[in-house]
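Some notes on the structure that comes next.
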Amino acid sequence: MNWRYTIPIGLFLVVSMFLYRGLDLNPRFIPSPMIGKPAPEFSLPSLRDPNVMIGTADMKGALNLMNVWGTWCVECRYEHDFLLQLSESSGIPIYGFNLNDQRESALQWLETLGNPYVDSAADEEGYVAVDWGIYGAPETFLIDASGTILHKHISPLSAAVWERDFMPVIRDYCTTHSCDHIAVD
């Protein structure tokens, strides 16, 4: 065997394996160090009434979603109809986290398009978002009854994403917790 061809062929095979594995990965998946940890504590003014505070304490006691959104976010508009459907059919409360937005614009958005949220916290300056590791909008967190983050999704929610990414986690959670009010089928 001619040795001068062995090393280049070997390198080619190794690089090919790495490229193949890289193409097999999901480029939209960004692992979160928050998964399995308590949600960062926060208390922010409610979008509806700035004199009322909403925060982590409001989300404890039940499995729920926290959806990061803003009127400036094009993809948030894309996912909004699905959030409305989800709020009607899933049995899981959805809390909004309005990021870097003007209160009047956000309220008008919800008035015009419908409001899927139990309530929305208004993080007008984006300071709390940093504690949560929020990159932008839309992002959605699945939080259990004890306040632990079970899943984080970056990009718009859709029926396909819900079934593929959220439902397996929800079904697993519901095998050991009471989830009578949640549609897991």
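No value in this document is a laboratory result; all are computed from the given coordinates. These numbers come from a predicted model, not from an experiment. FYI the Cβ positions are ideal-geometry reconstructions off the backbone, even for glycines, and counts take in every protein chain you see.
Brief remarks on what is shown
- Residue in the range 102-122 that is surrounded by the most Cβ atoms within 10 Å (Cβ to Cβ), counting only those that are in contact with a strand residue (DSSP E or B) (Cβ under 7 Å, 6 or more places away or on another chain) and not small (Gly, Ala, Ser): TYR117
- Matching residues, the range 112-126, being over 19 Å from LEU63 (Cα atoms) and assigned to a strand (DSSP E or B): ALA122, ASP123
- Count - residues of the range 154-166 that are out of contact with any Asp or Glu (no Cβ under 6 Å at 6 or more places or on another chain), in contact (Cβ under 8 Å) with a residue 12 or more places away in the chain and surrounded by 16 or more Cβ atoms within 10 Å (Cβ to Cβ): 4
- Every test in (1) within 25 Å of GLY61 (Cα to Cα); (2) surrounded by fewer than 17 Cβ atoms within 10 Å (Cβ to Cβ); (3) touching a residue at least 24 places away in the same chain (Cβ under 8 Å) is passed by VAL130 save one, and that test is (3).
- Contacts under 8 angstrom Cβ, first residue in the range 36-54 being in contact (Cβ under 8 Å) with a residue 40 or more places away in the chain and outside any loop (DSSP other than H, G, I, E, B), partner surrounded by 17 or more Cβ atoms within 10 Å (Cβ to Cβ) and aromatic (Phe, Trp, Tyr), 6 or more apart: ILE54/TYR95
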